Structures are given as structure tokens and as C-alpha cells.
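Q: Quick one: the structure is below, questions incoming.
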Amino acid sequence: MAEIVLDHITKRYADGTVAVDDFDVRIADHEFVILVGPSGCGKSTTLNMIAGLEDITEGELRVDGRRMNEKAPRDRDMAMVFQSYALYPHMTVRENIAFPLKLAKMGREETQERVERAAGLLDLAPYLDRKPAALSGGQRQRVAMGRAIVRDPKAFLMDEPLSNLDAKLRVQMRTSISRLQKSLGTTTVYVTHDQTEAMTLGDRIVIMRAGLIQQIGPPQELYDHPRNLFVAGFIGSPSMNVVPARLEEGLLRTPIGDIPLRGRLGRAAEGPDVPRDVIAGIRPESFEDASLVHDAEEGGTFTGTVDLLESMGPEKLAYFTLDTGAVRSEHLSEAGGEEAGEECRLVAQLDPKSGARRGQPVRLWYDTQAVHLFHPKTGENLTER
Amino acid sequence: MNGAASGRASASRGASRAKGRALTEGQRAERRLGLWLCAPAAIIMVVVTGWPIVYSVLLSLQRYDLRFPEDKAWIGLSNYATVLSSEVWWNAFWVTLLITVVSVAIELVLGMLLAFAMYRAIVGRGLIRTVVLIPYGIVTVAAAYGWKYAWTPGTGWLAGLLPGGSAPLTERGPAIAIIILAEVWKTTPFMALLLMAGLAVVPEELLRAASVDGASLWQRFTRVTLPLMKPAILVALLFRTLDAFRIFDNIYVLTNGSQGTGSVSISAYHNLIGGLNLGIGSTMSVLILVTVAIIAVVFILGFGTAAPGSER
Ligand SMILES: Nc1ncnc2c1ncn2[C@@H]1O[C@H](COP(=O)(O)OP(=O)(O)OP(=O)(O)O)[C@@H](O)[C@H]1O
Ligand SMILES: [Mg+2]
């Protein structure tokens, strides 16, 4: 268990690619930190630098205050779970889990005891004498976890450990990883490109894009206060609606109605170098069927025809097409939301009691104070600065 | 590929339940096609290798010396008794075995190092691979003459390095060492190539996992790389052992078997071609074949447990 400090770390590969640029994070003891971002943003590279599998070009890695840059992976006392699990095919499950202990020259009895304990924790006891080839994907994943927890390392490093599992198993394993980490209290760095995993697992999320940290914070903070358009588009499912908007005297003109510039919107509009044309963002859950809202004063309303209705059980998702062009921004395309079409689309998350029907018009209420304004060029969140 | 194949298999299983006859017909046709496709190769094999083998076995059962053709007669196994009780044969056998074991062992170690160098080299990989393969590309006899001249006192640069007056190729021990050297020099690249193919099947991620698990470079090699390469190593050893046991050209050029440096192949050759004794020569050839077959069987039994995941 340890505190891990990444002090302005940069990784430049031999071919000049800067995979990680000035990564600066302090990971507290016992903390569960998620590295999330689109493919190729440098998550694995960062994790590998912590593990010692990649050299650090610039900056310093400290574990419990001690510099680690030059230490070999075996001297860092960290355990890693790989996306492919990387189980040793020629060893049984027992030998796989015991491998780190064997290398550490632990006595036979203690090894035995620890392996049994790890296997018990992960429900692997019946499979101990099998080879990995004779296990299911979920069981292999658990063996990989077992190999990590068996030796009480300073930290767990996990690189997309669940991405090879089917959806249901992934949810199951997600909860068991979370529970395991809480009970062991081991500092954990977890890489994923799945925003749901990021939101549900971590104490803190580090969002990366093209080697640069976009924002660091607890899941709820990233969700409520995204620092830029990229973070706003990445976190949340379905992703935030974005519509073109124009700032006029005391008013924000949007395809879903004019919004008075009061409160935080007003402050945002008054900030320095705010362009007239901005991007407005509003989360699907900030909408509601107007007929279900008692006090519809505070907030705007908008009437549209439902293109498509999805009943999810606890909620309904209603899709609309606005008669304006879709917002185009490099900050959005990489965030991996729904593919941008020609038309501007809107998703509203409604109460299941809503009477909205496909092909029928419905009047929606939305919380105007939940609207975010983004700079169209820089993507900066004007309402959060 | 896997998915497609199993898809087809399950589809055909479904069809077989529907109309079993039509499908067995199809399977039979497929099998027939397979046999037809193998036939040319099989026939050529039988003609060029099968018949000579049968013919040598027949010759080995006869007294048949071209110098005394009128003495030709069927004598059962007595040629075998003659050869197996001959000191010359057993000397050749042990020399061959010595050369085989020592050269294959050295080749394995050197080949492994070269395979690593070829596989891991970051700079000049192309150059390293080319240089390593050069000996393999040179005709054995030509290379053997190179070694012979190099070790001949007066003309050779290697002989010149030795204290004056020594002629290594005329003494038994040094001559065998030189034969082994020539053999190793010539065939290590082949070993390295086969081992490199084995190295390539070890997933990079396993080695990374092992280093995080606390394995040193040497432990990664012995605990992960070697076990996973075992099938490739066995193939390489099998090929090279069989090859080395039949060693002929290097010895033929370097010593021609003098000073008791002859291999079993050299003995067979001297009896068959030099001595014109077809019976004894063929007997030796058959004995070489039997030994090689035994070596092959031993290795193949070894394979059984070598393939990863083959045993539970
Ligand atoms: N050995 C290398 N040499 C040069 N560039 C590399 C090397 N390895 C990775 N990169 C580059 O570094 C960047 C970050 O790669 P990395 O593997 O860290 O991405 P990632 O965030 O883990 O992506 P994914 O989600 O697809 O796994 C990518 O642009 C990649 O092309
Ligand atoms: Mg990755």
C-alpha cells in the first residue's frame, strides 16, 4: 500500500510520438484512480510507466516518496492485470497464482495458504489444478486477479481488465473488483475506455486525451462540472446534448428556446473573450415531460416531435431532431458519443409515467440552470471558469 | 477461421441429421479427393526412398561382394552379426554419437543466443540476420575444404596459430574437435532459425507480466520463454540430431575417416563404394536407418507432453 506520485511525467517514444504529456497526479494511499479516455490517448503508456515496463522520458515517479524511475519492474512491488490476462499457459491455476510468491522465494506452506485464500476470495478453489486453456473468460480474469492480490503488493495496476468479458459478466466483475479493492485497501490505478466503469469504480477519475490530462476529480464532480466540451461529451450516458447557441443581450438563443442569461449563465456570458456564437450543452436527464413538472416557471420549455422512444424501465429516452445543423467540433468526435449526423439530435431522459409517444409532439421542460456553455474553438466550459 | 470452421461443422452436423446418406457421400468424396491430392507426393516418396530402402534391406541379407560376385548368396542375418561384432563399426558408432551429442548441444546454446540476437536486436537487425545465415548458405563441401586448408600446417592460417609442427587433422582428438567445429559453424544458423520461430510464439505480454510478477531476465527465460518454446526446441533438436547422426561430407573432406574419425555413414560408404561390399555396406545403412528411427521415436514421444495445454 502506497502513495504514488506522478510528477510532471512525459513519455516520448523513440519515433518521436509524445504519448503522455506532462502527466501530474498524486495518488493517495488506498485510493482507486481511474485513467479513462479514447483509444490511443496514452492510458496504457502511463500505466506501463508506473509498472516500469516503459521508461519515463521526463518527470519523476515516486512511490512513498522514493524515486522509482530507474527501478526495474520486479523491484517496484506492484501487481498488474492485463487486458489479455497474460496467464502462463504451461502452469496450472495454482502455479499461476503462486508464481509471484515463488519468485519471491516464499516458503511452501505460506505460499499454499495464500494461494488458497486468494482462490477462496475469487471462487477459484475448484479450478486450482486446471490449466488456463480449460477455463472460461471470466475464470481466467479471476485467475489474473488472484495472481495480483496474492502477494499484497504496494499497488494494483489494471489495464482494461474487463474489456474481454461479456456485458453481464463485466458488471458482476466490476462490483467484485470494487469490493475487493475496498476490503484490501490497496492503491489501485485502473485503465478503461468505458465511462460507466470509470463512473462506478473510481474514487477519482483522470480523463486523458491525446496524452494530455483533461480533468481530474471524483466522478460526480466531472459529471456536474466538466471543464471542457471533451469531458462533457465523454462522461455520461447517453452523452450530453450539444446545440449551437448565440449570446444576445440578456438572452441565449438556442434551437430549444431562448434562455434568459441569469445566474451562472449570466456570469459566463460576461466573462472575458466570450464569442457570440457558443455551444450549449444540456444533459438528457435535465429534461422532463412538462406535464409532470409542477413548478415549470424556473426553466424553459420546448415542443418537439418524438422520433424514437426507448423504454428502459426506470426511464424513457425520447429522441428528437432539431431543425438546425449539428454541432461540429473536434472536441466531440473524439469523446466517442453517438456519431455526429447532419442534423442536430437531442435525447431527453423522461419519467416512465410520461405520455410521450413516437411520432407525436410532446412538450418538454428543462432546467435552464443545468445548461453549460462551451467555447466553440477551445472547447472550454464557460460556465465553469 | 476457427469460427468459420466450427460454423461449417455444426451446419454439416445439422444437415446430417436431416439426410445422413447424402452427407456421408460428400464426406467420402472429400476423402477421395484428399487421397488423390496426396498421391503424387506419396508415389514419388515410395519410388525414390521406399524402394531403395527395401533394396538395401534385401542386399543386407545377402553375401554380395562385387569383387567376388560368384559368391553371392542369401545368408540371413549373418551380415548383421559381422557388423555388430566389428570393432570398426562400434568405433564409428561411438564417434558419430559423440559428434552428434556435442555438436547439437553446442548448436542449441549458440543457436539460442543467435536467435535472441536476431529477434531482439533493435539496431542492425537486418545485418545481424544476414550475417548469421551466411554459413548456412555455403555448400558444406566447399566450407569443409575451407576448414581443411585452414588447419593444414604450412598453408592454413588456423594451423599457423598452433605451436609449430602440429597437424591437428592427423590426430584423432583434435580432428574430431575440428569436425565438430565445422559442423557447428555450418548448422548453427539453421538451429537459430528454428528457435527464432519458437521465440516468436511467446507472447510479449507474458514476459511483461512475468517481469511485473518479479522475474529477473534469467527467470523470465527459464520459467516462461523456455517452457513455451519447448515444442520448437524439440523440433530443432530432432532435425539436428537426425542430421548430425548421418554426418558425412565434413568428415569425408576433413579426414576421410582416418585415425578412427569416421562416422557410421563414412563406414557404410567405405564398405559399399570403396570396398564394393554391397552386403556389409547395406547392413550398415540399415543399422543407421534403425538408429535414426529410434532417435525419432524417442523425440516424438517427448513431444506428447511438450505441447502447452496438451496435458490436463
Ligand atoms: N512503442 C511505441 N512507439 C511509438 N508510439 C507508440 C508506442 N506505443 C504506443 N505508441 C503511441 O502512443 C500513444 C498512446 O498509446 P497507448 O497504448 O498508451 O494508448 P491507450 O490509451 O492505452 O489506448 P487503448 O485504449 O487503445 O489501449 C498512441 O498514439 C500510440 O500510437
Ligand atoms: Mg491501452
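The values are calculated or read from the model by the stated rules, or taken from the named source; none is laboratory data. Source: prediction; values computed, not measured. Because the Cβ atoms are built from the backbone with ideal geometry, glycine has one as well, and the counts that use them run over all protein chains shown. Surface accessibility is based on the protein's heavy atoms, side chains included, excluding ligands, DNA and RNA. Shrake-Rupley method; radii C 1.70, N 1.55, O 1.52, S 1.80 Å.
Q: Only one residue in A:LEU169, A:LEU247, A:LEU212, A:LEU184 is within 19 Å of A:GLY138 (Cβ to Cβ) and surrounded by fewer than 24 Cβ atoms within 10 Å (Cβ to Cβ). Which one?
A: Working: A:LEU247 fails: within 19 Å of A:GLY138 (Cβ to Cβ); A:LEU212 fails: within 19 Å of A:GLY138 (Cβ to Cβ); A:LEU184 fails: within 19 Å of A:GLY138 (Cβ to Cβ).
Only one candidate passes the filter, namely A:LEU169.
Q: Of all residues being of a type in the set (Ser, Thr, Tyr) and in a helix (DSSP H, G or I) in segment A:166-209, which is nearest to the chain's Cα centre (by Cα)? Just the residue, please. If you could, list the steps in order and put the result at the bottom.
A: Our first condition is that a residue be of a type in the set (Ser, Thr, Tyr); within segment A:166-209, this holds for A:175-176, A:178, A:183, A:186-188, A:190, A:192, A:196, A:200.
Okay, now just the ones that are also in a helix (DSSP H, G or I), so A:175-176, A:178, A:183, A:196, A:200.
On the way: A:THR175: 16, A:SER176: 18, A:SER178: 15, A:SER183: 22, A:THR196: 6, A:THR200: 9 Å.
The selected residue is A:THR196.
Q: Looking at A:ILE235, A:ILE207, can you tell me which residue is within 30 Å of A:CYS344 (Cα to Cα) and within 16 Å of ligand 1 (Cβ to nearest atom)? Let's see the steps before the verdict.
A: Numbers: A:ILE235 fails: within 16 Å of ligand 1 (Cβ to nearest atom).
Result: A:ILE207 is the single residue among A:ILE235, A:ILE207 that is within 30 Å of A:CYS344 (Cα to Cα) and within 16 Å of ligand 1 (Cβ to nearest atom).
Q: Same structure, new question: Against the definition (more than 9 Å from chain B (Cβ to nearest Cβ), among the basic types (Lys, Arg) and either buried (at least 18 other Cβ atoms within 10 Å of the Cβ) or not in a loop (DSSP other than H, G, I, E, B) (or both)), how does A:ARG94 come out, yes or no? Reasoning before the result, please.
A: Working: more than 9 Å from chain B (Cβ to nearest Cβ): yes; among the basic types (Lys, Arg): yes; either buried (at least 18 other Cβ atoms within 10 Å of the Cβ) or not in a loop (DSSP other than H, G, I, E, B) (or both): yes.
Spelling it out, A:ARG94 is indeed more than 9 Å from chain B (Cβ to nearest Cβ), among the basic types (Lys, Arg) and either buried (at least 18 other Cβ atoms within 10 Å of the Cβ) or not in a loop (DSSP other than H, G, I, E, B) (or both).
Q: Specify the residue that is farthest from ligand 1 (Cβ to nearest atom); the eligible residues are those in segment A:41-83 that are hydroxyl-bearing (Ser, Thr, Tyr) and open to solvent by 40 Å² or more (accessible area, probe 1.4 Å). Spell out how you get there, then give the answer.
A: Quick first cut of segment A:41-83, residues hydroxyl-bearing (Ser, Thr, Tyr) only: A:44-46, A:57.
Filter once more, keeping what is open to solvent by 40 Å² or more (accessible area, probe 1.4 Å): A:44, A:57.
Working: A:SER44: 3, A:THR57: 12 Å.
Per the stated criteria, the residue is A:THR57.
Q: Any residue in segment B:33-59 that's over 29 Å from B:MET284 (Cβ atoms): show its pairings with residues that are open to solvent by 80 Å² or more (accessible area, probe 1.4 Å) and modelled with pLDDT under 90 at Cβ separation under 6 Å, as long as the two are six or more apart or on different chains.
A: Final answer for the pair search is none.
Q: For segment A:7-27, enumerate the residues that are near ligand 1 (Cβ under 7 Å from one of its atoms) and open to solvent by 40 Å² or more (accessible area, probe 1.4 Å).
A: A:TYR13, A:ALA14, A:ASP15, A:THR17
Q: Taking the criterion of being under 26 Å from A:ALA104 (Cα atoms) and facing chain B (nearest Cβ under 10 Å), would at least one residue in segment A:55-65 satisfy it?
A: no
Q: If you don't mind, there's one more thing I want to ask. Mind checking which helices (runs of 4 or more DSSP H) fall wholly inside segment B:167-250 and carry at least 3 residues that are within 14 Å of chain A (Cβ to nearest Cβ), out of contact with any Lys or Arg (no Cβ under 8 Å at 6 or more places or on another chain) and open to solvent by less than 30 Å² (accessible area, probe 1.4 Å)? Full working, then the answer.
A: Numbers: elements: B:172-200, B:204-212, B:217-220, B:226-245.
Of the helices (runs of 4 or more DSSP H) lying wholly inside segment B:167-250, those with at least 3 residues that are within 14 Å of chain A (Cβ to nearest Cβ), out of contact with any Lys or Arg (no Cβ under 8 Å at 6 or more places or on another chain) and open to solvent by less than 30 Å² (accessible area, probe 1.4 Å) span B:226-245.
Q: Next up: For segment A:28-40, check the following and say yes or no: at least one residue is part of a loop (DSSP other than H, G, I, E, B), assigned by TED's automatic domain parsing to the domain that holds A:LEU212 and open to solvent by less than 10 Å² (accessible area, probe 1.4 Å). First the steps, then the outcome.
A: Step one: filter segment A:28-40 for residues part of a loop (DSSP other than H, G, I, E, B), giving A:28-31, A:37-40.
With assigned by TED's automatic domain parsing to the domain that holds A:LEU212 added as a condition, the list becomes A:28-31, A:37-40.
If we keep only those that are open to solvent by less than 10 Å² (accessible area, probe 1.4 Å) too, we end up with A:37.
Checked segment A:28-40: at least one residue is part of a loop (DSSP other than H, G, I, E, B), assigned by TED's automatic domain parsing to the domain that holds A:LEU212 and open to solvent by less than 10 Å² (accessible area, probe 1.4 Å).
Q: Does A:ILE4 count as more than 14 Å from chain B (Cβ to nearest Cβ), more than 15 Å from ligand 1 (Cβ to nearest atom), surrounded by 21 or more Cβ atoms within 10 Å (Cβ to Cβ) and of a type in the set (Val, Ile, Thr)?
A: Details: more than 14 Å from chain B (Cβ to nearest Cβ): yes; more than 15 Å from ligand 1 (Cβ to nearest atom): yes; surrounded by 21 or more Cβ atoms within 10 Å (Cβ to Cβ): yes; of a type in the set (Val, Ile, Thr): yes.
Yes: the conditions hold for A:ILE4.
Q: Please work out if B:VAL139 is surrounded by fewer than 12 Cβ atoms within 10 Å (Cβ to Cβ) and under 25 Å from A:ASP15 (Cα atoms). Write out each step before concluding.
A: Details: surrounded by fewer than 12 Cβ atoms within 10 Å (Cβ to Cβ): yes; under 25 Å from A:ASP15 (Cα atoms): no.
In short, no.
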